[in-house]
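Everything on this sheet refers to the single structure shown next.
The values are calculated or read from the model by the stated rules, or taken from the named source; none is laboratory data. The structure displayed is predicted, hence computed values, not measured ones. Counting neighbours? That spans all protein chains shown, and the Cβs are built from the backbone with ideal geometry, glycine included.
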Amino acid sequence: MPKKHIHPYQTRYHAKAIYSKAIRASGDMVFMQGQVGVDDNGDLVGKGDPGKQADQACRNIQKWMQEAGGELTDVCKLTVYVTDISYRPAVYQAINKWFDGVRHCSTGVVVSSLADEDLLVEIDAIGMID
């Protein structure tokens, strides 16, 4: 089965992007770009607040999974990037709110920075739609 690019609209934040927001491959797998605290208008949600940025990133993950034909319960793997280890409690509190009861694999990584200095959290996801 060919890949299906999931990219129904452009935000001004990613207006010059040369990639897809998500790709559904082999009919069942969904690979998602790293999601950050940017809303549909391209505006940063929660400047200076890692919990709010993680919440928006999870909202974005849900949106892209649904666009691909799945749900958050279809997420198998998250990779969570934070720019400061002290952000972990707030970030995982937000993630656990969205993924309550979803037994996905998760990897946490502390990085020195993300693509924009105001971004504190980035979460990428891989899903498997049954």
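General observations
- Qualifying residue in the range 60-79 (condition: in contact (Cβ under 8 Å) with a residue 24 or more places away in the chain, assigned to a helix (DSSP H, G or I), aromatic (Phe, Trp, Tyr) and more than 11 Å from Val121 (Cα to Cα)): yes
- Residue check, Gly48 at positive phi and either among the basic types (Lys, Arg) or modelled with pLDDT of 90 or more (or both): yes
- Applying the condition of being under 11 Å from Glu122 (Cα atoms) and at pLDDT 90 or above to the range 15-45 and asking which residue is surrounded by the fewest Cβ atoms within 10 Å (Cβ to Cβ) yields Gly34.
- Selection within the range 104-130: residues that are acidic (Asp, Glu) and more than 14 Å from Cys58 (Cα to Cα). The member of this set that is modelled with the lowest pLDDT is Asp130.
- Scanning the range 94-102 for residues that are modelled with pLDDT under 85 and farther than 22 Å from Leu120 by Cα turns up at least one hit.
- In the range 97-130, residue surrounded by the most Cβ atoms within 10 Å (Cβ to Cβ) [restricted to those that are assigned to a strand (DSSP E or B) and touching a residue at least 60 places away in the same chain (Cβ under 8 Å)]: Val121
- Residues of the range 60-89 satisfying the condition of being farther than 17 Å from Gln33 by Cα and either surrounded by 19 or more Cβ atoms within 10 Å (Cβ to Cβ) or touching an Asp or Glu at 6+ places or on another chain (Cβ under 6 Å) (or both): Tyr87
- Conditions (1) under 13 Å from Ala57 (Cα atoms); (2) in a strand (DSSP E or B): number failed by Ala94: (2)
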